[in-house]
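Below you'll find the structure, written out as structure tokens, and then a few comments.
Since every read-out is calculated from the coordinates, none of them should be taken as a lab result. Keep in mind that what you see is a predicted model, and the values were worked out from it rather than measured. Ideal geometry is used to build each Cβ from the backbone, glycine not excepted, and the neighbour counts take in all protein chains shown.
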Amino acid sequence: MEPINCNICAADDTQPVVCQNGYDIVQCKRCGLVYVHPRPEADVLSKLYDGYHQRNGKDIHSWSVLMKLIYKECAGMLTNEFPRGADVLDIGCGYGHFVSVMSDLGFRASGIDPSADAVRAALHNGLDVRLSTVEDLSFGENSFDAVTMFYVLEHLRDPLYALKRVFHILRPNGLLILRVPHTTPVVKALSAFNIKNNLYDAPFHLYDFSPETLRLILTLSGFSSILITPGAPTVPHVFAEMLVSRAASTAARLIYKTSGLLIGGVSKSATAVKPLSGAEAR
Ligand SMILES: [Zn+2]
């Protein structure tokens, strides 16, 4: 296990949130970022990911169903913003479902994923997908009009560095769309009633971003015009989970629409732009 400092503000000043699955989750007292501390070393984490996409009975089809409304919403945003033929990269593309959606819409869509099984399946379907982590991105500066990262940031060892890499490969005025879970308010509420849960999914999720910390890390990475919304819900294949997801999403979207407030405990979508004249993030 390795101790780490806060990924956003570099402080080593935390308070405990909860212990789940044998891992301590802490919150930075300075910026509020929630993270696993200490965490397993990179090689240990990497081995844990063998079979990740098959966990909890999921298969290729259930991943596609789980994300279909989010993909539909994001595809709508991209077709509104960019002409056909624009370059789109999906980071953490898994089996390549979103790459397929955007390719079918006439975009030059590609993806990267660290899972060999998932990449093999995507290549088998004729998609432009390669085995890579976001840290090892080999694309040049200004390569893409848009980058998407659905439920990726919370898995990364160094999300700030990853976002700076994404900023680098985006063209000026390029768009980043990402989606992250936001678990801490629910965990804190359940803990108050001493209700055990494993919602952080540690150590797969190394971070939990609130709207505030998400805005902070995107700003530090160089992005502007940051908009954070409830976004579309996931569609879990277990019926009861699907109902909970729909109900929480409907409530979150209604509250956001009527008051502009982002309620805690439900996933958030964010869009952020690489400014036209912005200096490279350092
Ligand atoms: Zn911090």
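The GluC sites (Glu not before Pro) found in the range 64-173 that occupy coil by DSSP, while having at most 13 further C-beta atoms within 10 Å, are Glu141. Amide H contacts of Ser267: His182, each under 5 Å away and 5 or more positions distant or on a separate chain (H built 1.01 Å from N in the peptide plane; Pro and chain starts excluded).
Is the C-alpha gyration tensor of the range 14-273 telling us rounded, prolate or oblate? Criteria: a/c under 1.5 is rounded; beyond that, a/b larger than b/c is prolate, otherwise oblate. Here the range 14-273 falls in the rounded category. Each DSSP beta bridge with both residues in the chain is either parallel or antiparallel, and the antiparallel ones are about 55%. I'd like the FRET efficiency for Glu141 and Asn194, computed as 1/(1 + (r/R0)^6) with the beta carbon distance as r and R0 of 45 Å, rounded to 0.05. Using R0 = 45 Å, I get an efficiency of 0.30.
The reciprocal of the average 1/r between distinct C-alpha atoms defines the Kirkwood hydrodynamic radius, which for the range 41-155 equals 14.6 Å. The share of Cα pairs per 10 Å bin across the range 137-220, counted from zero up to the longest distance, runs 16, 43, 26, 11, 4, 0 percent.
Note on the chain: helix-only mean residue ellipticity at 222 nm, from DSSP H runs of 4+ residues weighted -39500 (n - 2.57) and normalised by residue number, equals -10500 deg cm²/dmol. If you take all other residues with their beta carbon under 11 Å from the beta carbon of Cys6, and give Lys and Arg +1 and Asp and Glu -1, the sum is 0.
Computed about its Cα centre, the charge dipole of the chain is approximately 760 debye, with only Lys, Arg, Asp and Glu carrying charge at their Cβ.
Restricting the range 183-247 to chymotrypsin sites (Phe, Trp or Tyr not before Pro) that sit in a DSSP loop and have at most 15 other Cβ atoms within 10 Å of their own Cβ leaves Phe193, Phe204.
For Leu243 and Thr219, a Förster radius of 45 Å and the Cβ-Cβ distance give a FRET efficiency of 0.80, rounded to the nearest 0.05.
For the chain, the cysteines with no partner cysteine C-beta closer than 4.7 Å are Cys19, Cys74, Cys93. Amide hydrogen proximity for Val129: with H placed 1.01 Å from N in the peptide plane, the residues at 5 or more positions away or on another chain lying under 5 Å are Gly111.
Remark: spin-label model distance Asp128-Leu48 equals 3.4 nm, labels positioned 7 Å along the Cα→Cβ axis.
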